[in-house]
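Working notes, structure below.
The values are calculated or read from the model by the stated rules, or taken from the named source; none is laboratory data. This one's a predicted model, so the numbers in the text were calculated from it and none came from an experiment. Cβ placement follows ideal geometry from the backbone for every residue including glycine, while neighbour counts extend to all protein chains displayed.
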Amino acid sequence: MQRRDLLRAFGAATALALIPRDAVAAWERVATGLRPTNGLSEAHLALVTALGDAIIPRTDSPGASDVGVPAFVDVILSENYADADRDAFVAGLDTIDGRAKSTANAAFVDLAADARGSVITAIEGETDRRSEPARTYWRLKGLIVHGYFTSEPVMKNVLKVDVMPGKFDGAAPMPVKEARPTGDAANA
């Protein structure tokens, strides 16, 4: 099974059941086009975009950045994370970029797709997910996958989910039931 097929199956099975109000609210904030004041820096947002496109690249369906996942991650980090957690997350992003610089001699955003894949494979292969950069990577990957499958374009065009299945038809035909006689008429 291809990774994208696995993600699609997972997303289709859980997208509607697991859409918390926070995801809906985050996507509404993204739709305004306003960046959070305490959000990620341009460099960190570029790193999230590059990681998102490496995790869910554009194929016959849109990639993570095509549906606005980096902006979703920015909103979630700025509005749902405590300051200490956000600072730790940003430090973890720096660690991921530092790993790319030490192993591939370039910032993650400047790497070719295959080199990005090698950095990600190395991080995913680490046995301790609680240490950096694995901790931040796995948290970010969860946000990316969640943001991708809760985005409107993916739900409508990729998963083909009808949020409101069917349609309202106020003039739908109703079967006519014959009235039964009641009381004395029924006995006669």
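Points worth noting:
- Residue in segment 110-130 that is of a type in the set (Gly, Ala, Ser) and in contact (Cβ under 8 Å) with a residue 60 or more places away in the chain present: yes
- Summed over segment 115-132, residues that are in a helix (DSSP H, G or I) and polar (S, T, N, Q) total 2.
- Of note, THR49 satisfies the criterion of being within 14 Å of the chain's Cα centre (by Cα), at pLDDT 95 or above, among the hydroxyl-bearing types (Ser, Thr, Tyr) and part of a helix (DSSP H, G or I).
- Within segment 53-77, the set of residues being assigned to a helix (DSSP H, G or I) and among the polar types (S, T, N, Q) comprises just one member, SER65.
- Some residue of segment 58-70 being free of Cβ contacts under 8 Å to residues at least 12 places away in the same chain, out of contact with any Leu (no Cβ under 9 Å at 6 or more places or on another chain) and either basic (Lys, Arg) or surrounded by 19 or more Cβ atoms within 10 Å (Cβ to Cβ) (or both): yes
- Tally, over segment 78-114, of residues that are assigned to a loop (DSSP other than H, G, I, E, B) and of a type in the set (Phe, Trp, Tyr): 1
- Residue-level check: of (1) more than 19 Å from LEU34 (Cα to Cα); (2) modelled with pLDDT under 95; (3) among the acidic types (Asp, Glu), GLU152 misses just (1).
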